[in-house]
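Enquirer: Just dropping this structure here.
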2 protein chains.
Amino acid sequence: MLNKLLNQSGKWLEGEGPYGDIVISSRIRIARNLKSHLFCHRAAITELDDIRKKIFLAASNNEYLKNSLLIEVDNLDQIDRRLLVERHLISCEHAEAKKAGLVLDPKEMISIMVNEEDHLRFQVLESGLKLMDAWRIAEQIESKLDTELGFAFSTDFGYITSCPTNVGTGLRASALVHLPALMMSNQITSVLKAVSQIHLAVRGFYGEGTHAIGNFYQVSNQVTLGHPEEEIINNIEMVTKQIIEHEKKARELLLETDRAMLEDNIYRSLGILSNARIISSKEVMNLLSPLRLGVDLDIIKDVSRKTLNQILIRTQPAHLRKYAGKELVAREADIKRAETVREIMNL
Amino acid sequence: MLNKLLNQSGKWLEGEGPYGDIVISSRIRIARNLKSHLFCHRAAITELDDIRKKIFLAASNNEYLKNSLLIEVDNLDQIDRRLLVERHLISCEHAEAKKAGLVLDPKEMISIMVNEEDHLRFQVLESGLKLMDAWRIAEQIESKLDTELGFAFSTDFGYITSCPTNVGTGLRASALVHLPALMMSNQITSVLKAVSQIHLAVRGFYGEGTHAIGNFYQVSNQVTLGHPEEEIINNIEMVTKQIIEHEKKARELLLETDRAMLEDNIYRSLGILSNARIISSKEVMNLLSPLRLGVDLDIIKDVSRKTLNQILIRTQPAHLRKYAGKELVAREADIKRAETVREIMNL
């Protein structure tokens, strides 16, 4: 069932959308629970099975979700579950959860994790900075499913979730940003610090904090309670735009003051990435960062953002294993990864 | 006058000749002095001028040398003198010597330094392992010039030279070898040690000993006295062939046991060399080594040895400056060098 995923990458990775040169994607996640059932960690297997059946049925009646795949995650083999994790469609915990389910639209933009920490975790992904658009879609789907399924809600607290940090809106909104110039000009630490002071979280998307692999950062809200959804989302969009401004200025300054160094960095990354015969996942991500910057700055003209995103996704371990059709020991994976990079780049 | 040198590289760098995959070149050097004149370091300027005139005249009457350039090295500007040093046609000392002269055949295979340490230093260069051939040519030229000029000779010691280490044959024979596989497999130290025990010298051609830049080594005789020339040359050829055998076995072993690592190393070097926008001379040489190995092993098919040799010669500082037609400060030279590499590779 997952084979069709292999030959595509999510529409959110096409590299389009507003501020696409800095913002990779916008993500809305909403946590909900059925009021008629126990929370996942209290429910027996049969109840979890019931919950999944109800949600799958409701999804298949929903106009946004009617073409979606309804995946019984616990019936997938290890590789397919890792594949979904690598695509950011399910979490590591969800891959191991009892009666775990996934509702997945074929473009990978809309998905619902079933029986993770909460009964439902809606996720809507968009290319570029489009948090409000993603929220509108999430809201409509959620509203229809609420009518059918009945979500747990308290007039005092808002939506009830398994973990108190999600109570209220159940909303986590985040933007995935790429900040190579702030890193190169040593400004990243001060920018991250400023953002964390206004109660937003900025985390390395891979790796942590200032040692983020590939210079990817995720800007998201820390608080879900006491603010309307639009306010939370507007706040993140505003701060993300400020970060974008800083990154843009840092890019302009690098171009003005040390274009040769910048181009050297970009082209060497291209040279290594397109020629290596053995390469680790971490090195790929670290090389993709200057290369993406080169594409953004129109220095590299014959590589597209979509190509870079495909490399990012398809060179992960489970993807490599799935393509190879067999287990790969460490060195084999590094060889297969280098082959895959060249294949995606049409070399 | 030297401009025509710029657009060629010596015929000895065409990368042909026996054992051309390991031996870059063979070099014969003979030191001679005119018996009718004082040694250079004792002679007055006017005498040095006389010496140069006599030698230039004799050279223009010699059938091997009649098309040669007759260059008054002391009248060249700083850049042109550096250019000749970088081409290994004159020594650093010679570039600064009084009334220094150079007889240079247009293919850069035969040359005579005039008024270096000795009145004449013949040099014959060949591609690959061809020491005996080079010696035959040197011998014939020397013999004709001896008849005309009269070289200082003692029946007890042989040819008399300015420095006692050259007395006797006045001969230095050397082979320039490229030993990347012995380096990669950590065998280089033991091979160098074995060779030095049989009274031959092995030196890094750039850099010294086991830290030779670019894995280039020069095998040469240490003793010039008490052995006929043919014996000295046969000895070096024999030892060089043994080194070649060791290097070949090391290459085969690498191919068998870790081809992926080897290819990774080779292709990464190609990737960096053909993409860098800023690059130092040392880095170029260190990247050329695995790339040359790749060409030798037929892993890299669209780059020739001649191309690699051109890069080696033309990316040196004085060559870059000469092409640029102006002084280059450090960063500019590194940028120009990267451009030159891509130009030579037709990128």
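Enquirer: Which number in (1) open to solvent by 20 Å² or more (accessible area, probe 1.4 Å); (2) modelled with pLDDT under 75 marks the one condition that B:L2 misses?
Expert: That leaves (1) as the condition not met.
Enquirer: Of everything in the stretch B:53-101, what is closer than 17 Å to B:D118 by Cα and in contact with a Ser or Thr (Cβ under 7 Å, 6 or more places away or on another chain)? Give them in sequence order.
Expert: Scanning the stretch B:53-101 gives B:A59, B:L89.
Enquirer: Go through the stretch A:96-128 residue by residue and tally those that are over 12 Å from the mean Cα position of the chain (by Cα) and open to solvent by 10 Å² or more (accessible area, probe 1.4 Å).
Expert: Going through the stretch A:96-128 one residue at a time, the tally reaches 11.
Enquirer: Residues of the stretch A:239-261 being free of Cβ contacts under 8 Å to residues at least 60 places away in the same chain and over 20 Å from the mean Cα position of the chain (by Cα), which ones?
Expert: Scanning the stretch A:239-261 gives A:Q242, A:E245, A:K249, A:E252, A:L255, A:E256, A:T257, A:D258, A:R259, A:A260, A:M261.
Enquirer: Search the stretch B:319-347 for residues that are within 11 Å of another protein chain (Cβ to nearest Cβ) and aliphatic (A, V, I, L, M) and pair each with any residue that is part of a helix (DSSP H, G or I) and open to solvent by less than 50 Å² (accessible area, probe 1.4 Å) when their beta-carbon atoms are under 8 Å apart and the residues are at least 6 apart or on different chains.
Expert: B:I335/A:A260; B:A338/A:D264; B:L347/B:S274
Enquirer: Could you tell me which of the residues A:L312, A:L291 is crowded, with 17+ Cβ neighbours inside 10 Å, part of a helix (DSSP H, G or I), within 14 Å of another protein chain (Cβ to nearest Cβ) and among the aliphatic types (A, V, I, L, M)?
Expert: Numbers: A:L312 fails: within 14 Å of another protein chain (Cβ to nearest Cβ).
None of the others qualify; the one that does is A:L291.
Enquirer: Tell me which residues, restricted to the stretch A:200-222, are out of contact with any strand residue (DSSP E or B) (no Cβ under 8 Å at 6 or more places or on another chain) and open to solvent by 70 Å² or more (accessible area, probe 1.4 Å).
Expert: The one that is out of contact with any strand residue (DSSP E or B) (no Cβ under 8 Å at 6 or more places or on another chain) and open to solvent by 70 Å² or more (accessible area, probe 1.4 Å): A:E208.
Enquirer: Could you tell me which of the residues A:D74, A:D21, A:D80 is open to solvent by 30 Å² or more (accessible area, probe 1.4 Å) and more than 29 Å from A:M132 (Cβ to Cβ)?
Expert: Working: A:D21 fails: more than 29 Å from A:M132 (Cβ to Cβ); A:D80 fails: open to solvent by 30 Å² or more (accessible area, probe 1.4 Å).
The conditions single out A:D74.
Enquirer: I need the full set of residues from the stretch B:323-342 which are in a helix (DSSP H, G or I) and loosely packed, with under 13 Cβ neighbours inside 10 Å, in order please.
Expert: B:A330, B:R331
Enquirer: Right, here's the next one. One residue is enough: does the stretch A:178-194 have a residue meeting the conditions under 19 Å from the mean Cα position of the chain (by Cα), open to solvent by less than 10 Å² (accessible area, probe 1.4 Å) and free of Cβ contacts under 8 Å to residues at least 40 places away in the same chain?
Expert: No, the stretch A:178-194 contains no residue that is under 19 Å from the mean Cα position of the chain (by Cα), open to solvent by less than 10 Å² (accessible area, probe 1.4 Å) and free of Cβ contacts under 8 Å to residues at least 40 places away in the same chain.
Enquirer: Which residue is farthest from the other protein chains (Cβ to nearest Cβ), if the candidates are limited to the stretch A:241-286 and must be open to solvent by 50 Å² or more (accessible area, probe 1.4 Å) and acidic (D, E)?
Expert: Applying the filter and picking the extreme gives A:E245.
Enquirer: How about the stretch B:1-88: which helices (runs of 4 or more DSSP H) wholly inside it have at least 3 residues that are out of contact with any helix residue (DSSP H, G or I) (no Cβ under 8 Å at 6 or more places or on another chain) and either of a type in the set (V, I, T) or free of Cβ contacts under 8 Å to residues at least 60 places away in the same chain (or both)?
Expert: Details: elements: B:3-6, B:45-60, B:78-86.
Once the helices (runs of 4 or more DSSP H) in the stretch B:1-88 are filtered for at least 3 residues that are out of contact with any helix residue (DSSP H, G or I) (no Cβ under 8 Å at 6 or more places or on another chain) and either of a type in the set (V, I, T) or free of Cβ contacts under 8 Å to residues at least 60 places away in the same chain (or both), what remains is B:45-60.
Enquirer: Restricting to the stretch A:75-108, and then to whatever is of a type in the set (D, E) and touching a strand residue (DSSP E or B) at 6+ places or on another chain (Cβ under 8 Å), can you tell me which residue is nearest to A:K11 (Cα to Cα)?
Expert: Keep residues of the stretch A:75-108 that are of a type in the set (D, E), which gives A:77, A:80, A:86, A:93, A:96, A:105, A:108.
Subset that is touching a strand residue (DSSP E or B) at 6+ places or on another chain (Cβ under 8 Å): A:105, A:108.
Numbers: A:D105: 11, A:E108: 6 Å.
Within the stretch A:75-108, the match that is nearest to A:K11 (Cα to Cα) is A:E108.
Enquirer: On to the next question. Test A:V303 against the stated conditions and say whether it is within 14 Å of chain B (Cβ to nearest Cβ), part of a helix (DSSP H, G or I) and within 27 Å of A:G128 (Cβ to Cβ).
Expert: Judged against the criteria, A:V303 is not a match.
The values are calculated or read from the model by the stated rules, or taken from the named source; none is laboratory data. These numbers were taken from a predicted model, which means no experiment stands behind them. Ideal geometry is used to build each Cβ from the backbone, glycine not excepted, and the neighbour counts take in all protein chains shown. Accessible surface is based on the protein model in full, side chains and every heavy atom, while ligands, DNA and RNA are left aside. Shrake-Rupley method; radii C 1.70, N 1.55, O 1.52, S 1.80 Å.
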